[in-house]
Amino acid sequence: MDLKEDYSIILKIIMAAVAGVLLYFIFIKVSSINLPILSEKVKLENGETEYKKISEVVGYDQLGNEFNTQQLKGKVHVANFFFASCPVVCPKMTEETKEVWKAFENQKEHINFVSYSIDPKRDTIERLYNFAERFGLENTNWYFVNVGKENVYMLARSDYKITAIQANEGKSDYIHSQLLALVDKDLLIRGYYDSTDPKEIKQLIKDIKKIIK
């Protein structure tokens, strides 16, 4: 084997190694972009399955405007469950989530935020407005909504898969998760994040960038 053939073999080995490295980084990049779909799979009448989307329910927001979950379709949205008289967790959850809202303040045409009241009996338009106003969110693409008792607990339990219950019937005791749900344009769940953990808030911002637009 002459020197020319040696160089040819070495060149092929180097090219193969470079191609392998490039393929690896392409794979890593694609994997990081594709967030999993976490929505439940449901069986259709024809025997096929599909992912369950956020159900259609109607209520009102902090401005007294009609709110329909279907208006969320076509945009990414971040959802949580709260109640206006919550003394500690809900204000903290809202304050932390506001950091996410700020990160996409100039992309309102692509993203919404929704806080569903789990205290629909007391959370009137005025109370929702006052809560939103505390955080400077009263007239934004962040909806603080009342969709009624049956609807809100159905959404939490069946669609968003987030804990939200009234601990004692007739009393103001509520148990609810501090998780945020990331939902894509097709109303499918793509991730869950602890709203009180700054690291998870940062991860949520990164993940939104993967699926927005």
When T124 is run through (1) surrounded by fewer than 19 Cβ atoms within 10 Å (Cβ to Cβ); (2) within 20 Å of the chain's Cα centre (by Cα); (3) at pLDDT 95 or above; (4) hydroxyl-bearing (S, T, Y), the failure sits at (2)
Picked from the range 86-99 (must be charged (D, E, K, R) and closer than 22 Å to I212 by Cβ), the residue most open to solvent (accessible area, probe 1.4 Å) is E99
Restricting the range 60-85 to residues that are over 28 Å from K213 (Cβ atoms) and not aromatic (F, W, Y), the one surrounded by the most Cβ atoms within 10 Å (Cβ to Cβ) turns out to be A84
In the set S39, S115, the lone residue that is in contact with a Lys or Arg (Cβ under 6 Å, 6 or more places away or on another chain) and of a type in the set (S, T, N, Q) is S39
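Yes or no, residue by residue, for (1) within 19 Å of D207 (Cα to Cα); (2) modelled with pLDDT of 95 or more; (3) assigned to a loop (DSSP other than H, G, I, E, B):
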| site | (1), (2), (3) |
| --- | --- |
| Q70 | no, yes, no |
| H77 | yes, yes, no |
| N80 | yes, yes, no |
| S85 | no, no, yes |
| E95 | no, yes, no |
| K98 | yes, yes, no |
The residue that is nearest to the chain's Cα centre (by Cα), considering only those in the range 130-152 that are crowded, with 18+ Cβ neighbours inside 10 Å and in a helix (DSSP H, G or I), is V152
Restricted to the range 100-116 and to residues being under 19 Å from K202 (Cβ atoms) and part of a loop (DSSP other than H, G, I, E, B), the residue most open to solvent (accessible area, probe 1.4 Å) is N106
In the range 38-49, residues that are open to solvent by 60 Å² or more (accessible area, probe 1.4 Å) and at pLDDT 95 or above total 1
Of the residues in the range 115-136, those that are touching a helix residue (DSSP H, G or I) at 6+ places or on another chain (Cβ under 7 Å) and aliphatic (A, V, I, L, M) number 1
Report yes if some residue within the range 32-54 is in a helix (DSSP H, G or I) and under 22 Å from S177 (Cα atoms); otherwise report no.
-> no
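The values are calculated or read from the model by the stated rules, or taken from the named source; none is laboratory data. These numbers come from a predicted model, not from an experiment. Cβ: placed from backbone, ideal geometry, glycine included. Neighbour counts: every protein chain shown. Ligands, DNA and RNA are excluded from the accessible area calculation, which covers all protein heavy atoms including side chains. Shrake-Rupley method; radii C 1.70, N 1.55, O 1.52, S 1.80 Å.
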